[in-house]
Amino acid sequence: MGPYVLAVDQGTGSTKALLLDTAGAVVARAAVPLAETHPGPGLVEQDPGALVDSVRTAVAACLEGHDPHSVEGLALSTQRESVVLWEAATGRPVAPLVSWQDQRGGDRLARLARAGAGAEIQRRTGLPLDPMFSAPKMAALLDAHDPDRALSGAGTLRLGTVDAYLLHTFTGRADTEIGNASRTQLLDLATGDWDDGLLAAFDVPRAALGRVVPSDGPFGTVRGLPPLADGTPLRAVLGDSHAALFAHAGWRPGTVKVTYGTGSSAMTVGEPEPAGAPEPAGEVCGTIAWSTGRPVHAREANIRSTGRTLAWLGALLGVPAAGIVELAEGADAGEVTLVPAFGGLGAPWWDARAVPVLTGFGLDTGRERLARAALDSVAYQVNDVLAALPPARRVVADGGLSRSDVLMRTQADVSDVVVARAAHHDLSAAGAAHLAGLGLGLWTRRDLEERADRDLCVFAPSGDAAARTRTVARWHRALAAARDLGARPSG
């Protein structure tokens, strides 16, 4: 029938595709898993070729039985700070994708910190010095494959986030969407463009990067993505967390979106602090949510390990991550507390030295209590970042782990806030589709607000203040131990 909008969400663990009709209803969906490798301590990589293949496979599966010529536009959401290095002429990747979870580049960050550059870099970019962001990974890739910067300086080698790599692959354009660019630590939030001082600080040539473009493009047209017809316009590109916020109609003040994924992101729109105003001590990030005529700024807090924690414990116990959730939902953690500081802690602590800690266990501790401690660690970490963000009128939840009623109730209790879970969980793909549909004239912002408020599942806090105080205090004691152990000299 049609017309349709096709959305692709290229995430850390999978690539999803959704086909939406003019009412915004999902008429088809597909998902393709994507693996990661850990070639050494702190290193996390993915295969760029497998990533591109996963996009092609998801699109083909989603369009099976539908007329691809009825697709009026393509939308794209992507994992963000991950980095790909490729040949400009051929598109061939030069190295594995370096994941946002990867810790390489720490030596350069340490030098910048010793030089006192951290405060100025955060002032310009909104981002603290931390290996999660793209710039240190970009520098490390170039140090390994173009140490004198001759090839990247000439534009022979291209370097970019996942959106930039997919845009080059499927449209031939050298572009980076502004929200994704704001996560690299190379973009000045005030100008909305690459900053020469930041490029010099990280030794990344401007010629290796694409142009910074708004979230609604123009991006050109797609090729080589069958059965989608060559020439189909790409109408929207967003970072995955930004896309989820858009799907929640998150332009409305007081909405805090929490995505419960491999890691987690809490984000709310809000202008940056005025010049001269004191910033929080690196607790939350400034970022650009999207740009459709003008940049919309946001505050964001990033947690490294939430769903990833359950996957780790599942691998340890020989059950899938979903099995960990099932074990947790019928259990009480008791005094068992897990701090999943795999690769350090993100917001609001930004402590790369912190180490994982498990406390309160004994010989009688079974896997059910371990599973519940892992699930509870998600709620505790989100609670910490909610405390660092502007107060929420409501928290809206999405992502795979938000399907757990127990986690949602725990979050409401621990944070003493109403949590509203979206009826649909593929919010990143939907948000990108919503932006594309706006440009195509298929719906209005009012339509999207009504859609976001439909079929929410609401979890209210229990009001047990004493229990809340005890559990949060126990969590903070374990968290302090994780940071203290990481700060101690080795050996």
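The values are calculated or read from the model by the stated rules, or taken from the named source; none is laboratory data. Values in this document were obtained by computation on a predicted structure and should not be read as measured data. No Cβ is skipped: glycine too gets one built from the backbone with ideal geometry, and neighbour counts run over all protein chains shown.
Please specify each residue of the range 83-95 satisfying the condition of being of a type outside the set (Val, Ile, Thr) and either closer than 20 Å to Asp426 by Cβ or out of contact with any helix residue (DSSP H, G or I) (no Cβ under 7 Å at 6 or more places or on another chain) (or both).
Glu87, Ala88, Ala89, Arg92
Table: residues versus (1) surrounded by fewer than 21 Cβ atoms within 10 Å (Cβ to Cβ); (2) touching a Gly at 6+ places or on another chain (Cβ under 7 Å).
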site	(1), (2)
Arg80	no, yes
Val84	no, yes
Thr90	yes, no
Ser99	no, no
Gly105	no, no
Leu112	yes, yes
Ala115	yes, no
Arg123	yes, no
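Look at Glu45 and say whether it is among the acidic types (Asp, Glu), closer than 26 Å to Gln185 by Cα and touching a residue at least 60 places away in the same chain (Cβ under 8 Å).
For Glu45, the condition - among the acidic types (Asp, Glu), closer than 26 Å to Gln185 by Cα and touching a residue at least 60 places away in the same chain (Cβ under 8 Å) - is not met.
Having 1 or more residues that are under 20 Å from Asn180 (Cβ atoms) is the bar; report the strands (runs of 3 or more DSSP E) wholly within the range 1-82 that clear it.
Per the criteria, 4-10, 14-20, 71-78.
List the number of the failed condition for Arg474; all other conditions in (1) in the same structural domain as Ala321 (by TED's automatic domain parsing); (2) touching a residue at least 60 places away in the same chain (Cβ under 8 Å); (3) within 23 Å of the chain's Cα centre (by Cα); (4) surrounded by fewer than 23 Cβ atoms within 10 Å (Cβ to Cβ) hold.
(3)
Pull up the range 218-241, narrow it to residues that are assigned to a strand (DSSP E or B) and over 24 Å from the mean Cα position of the chain (by Cα), then point me to the one that is surrounded by the most Cβ atoms within 10 Å (Cβ to Cβ).
Pro233
Against the definition (part of a helix (DSSP H, G or I), of a type in the set (A, V, I, L, M, F, W, C) and touching a residue at least 24 places away in the same chain (Cβ under 8 Å)), how does Val382 come out, yes or no?
Considered against the rule, which asks whether it is part of a helix (DSSP H, G or I), of a type in the set (A, V, I, L, M, F, W, C) and touching a residue at least 24 places away in the same chain (Cβ under 8 Å), Val382 comes out as yes.
Within the range 129-145, which residues are modelled with pLDDT of 95 or more, more than 17 Å from the chain's Cα centre (by Cα) and farther than 11 Å from Ala208 by Cα?
Scanning the range 129-145 gives Pro136, Ala139, Ala140, Leu141, Asp143, Ala144, His145.
Being of a type outside the set (Lys, Arg) and closer than 20 Å to Ala207 by Cβ narrows it down to one of Gly106, Gly160, so name that one.
After applying the criteria, what remains is Gly160.
Yes or no, residue by residue, for (1) crowded, with 19+ Cβ neighbours inside 10 Å; (2) more than 23 Å from the chain's Cα centre (by Cα); (3) not assigned by TED's automatic domain parsing to the domain that holds Ala354:
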| position | (1), (2), (3) |
| --- | --- |
| Ala429 | yes, no, yes |
| His434 | yes, no, yes |
| Gly441 | no, yes, yes |
| Asp447 | no, yes, yes |
| Glu450 | no, yes, yes |
| Ala466 | no, yes, no |
| Arg470 | no, yes, no |
| Leu485 | no, yes, no |
| Pro489 | no, yes, no |
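Run Leu6 past the list (1) touching a strand residue (DSSP E or B) at 6+ places or on another chain (Cβ under 8 Å); (2) farther than 23 Å from Thr306 by Cα; (3) at pLDDT below 95; (4) surrounded by 18 or more Cβ atoms within 10 Å (Cβ to Cβ) and report the number of the one that doesn't hold.
Of everything listed in (1) touching a strand residue (DSSP E or B) at 6+ places or on another chain (Cβ under 8 Å); (2) farther than 23 Å from Thr306 by Cα; (3) at pLDDT below 95; (4) surrounded by 18 or more Cβ atoms within 10 Å (Cβ to Cβ), Leu6 misses just condition (3).
I'm checking my understanding of the structure. Among residues of the range 31-58 that are of a type in the set (A, V, I, L, M, F, W, C) and closer than 16 Å to Gly91 by Cα, which one is surrounded by the fewest Cβ atoms within 10 Å (Cβ to Cβ)?
Among residues in the range 31-58 that are of a type in the set (A, V, I, L, M, F, W, C) and closer than 16 Å to Gly91 by Cα, the one surrounded by the fewest Cβ atoms within 10 Å (Cβ to Cβ) is Ala50.
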